[in-house]
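Report on the following structure.
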Amino acid sequence: ADEVKRLYDMGRHGNVIAQPLYITAPLHAPGVPIQMVTKQVHDRVSYSAVDLVHISALDVSITPKFANSKIKIEWNVSFEVYHDNVFRIYRDETLIGYNSKAGNNHYSGAAVAPYDNNTDSTATHIHIVWVDTPNTTSTITYKLYKKDSSGAGFDTFYLNRPTGSGGTNIYENGVSHAIVTEIAQ
């Protein structure tokens, strides 16, 4: 019986099967990914010059199967924007991706965009990752917002393209995407 137990614990490849490992992050391993929702955006979209812009093309929804699941949200965004900006994350209408320890809330968000652009220049890319615990089995929509960190609200956000790239000057277009994964605990 001891030999059978020892062989069983080694797994089919002769390696010892690891016990669950707990880490101090919001997830514990081994969490089990049970569903994934993805969305690609190929369109070139401009969002008007206001202080807080909802980048609606990158909205992504998921219906968790378990209330205690963790939801990992990732955005890979190809864009250009005129001035210094931060990105904020919303779960439906609730702001969740926000650095509450910042002294000036204009400069606070889940990620910071590049400071400036060169007119008609190359689009840049940013990868944003957030882990949420929504505690629900109702459908959730995760939304990405661009916040003008100066508060002046004078810049325009260009998704999947550099600024001014209309007409024959349609260079360096990108593809943005969102991935939402439910991880059962």
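The set of residues from the stretch 52-71 being of a type outside the set (A, V, I, L, M) and either in a loop (DSSP other than H, G, I, E, B) or without any contact (Cβ under 8 Å) to a residue 12 or more places away in the chain (or both) comprises ASP59, THR63, PRO64, LYS65, PHE66, ASN68, SER69. Here HIS127 passes the criteria (1) within 13 Å of the chain's Cα centre (by Cα); (2) buried (at least 16 other Cβ atoms within 10 Å of the Cβ); (3) at pLDDT below 95; (4) over 18 Å from SER46 (Cα atoms) except the one numbered (2).
Quick one: SER108 ticks every box in (1) surrounded by 14 or more Cβ atoms within 10 Å (Cβ to Cβ); (2) modelled with pLDDT under 90; (3) touching a helix residue (DSSP H, G or I) at 6+ places or on another chain (Cβ under 6 Å) bar one, so which box is it? Checking SER108 against (1) surrounded by 14 or more Cβ atoms within 10 Å (Cβ to Cβ); (2) modelled with pLDDT under 90; (3) touching a helix residue (DSSP H, G or I) at 6+ places or on another chain (Cβ under 6 Å), the one that fails is (3). Applying the condition of being in a strand (DSSP E or B) and over 14 Å from the mean Cα position of the chain (by Cα) to the stretch 72-99 and asking which residue is farthest from LYS146 (Cα to Cα) yields THR94. Looking at the stretch 140-157, which of its residues are farther than 16 Å from TYR98 by Cα, surrounded by fewer than 23 Cβ atoms within 10 Å (Cβ to Cβ) and at pLDDT 70 or above? The answer is ILE140, THR141, THR156.
The values are calculated or read from the model by the stated rules, or taken from the named source; none is laboratory data. Remember, predicted model here, so these are calculated numbers, not experimental data. So basically every Cβ, Gly included, is an ideal-geometry build from the backbone, and we count neighbours across all protein chains shown.
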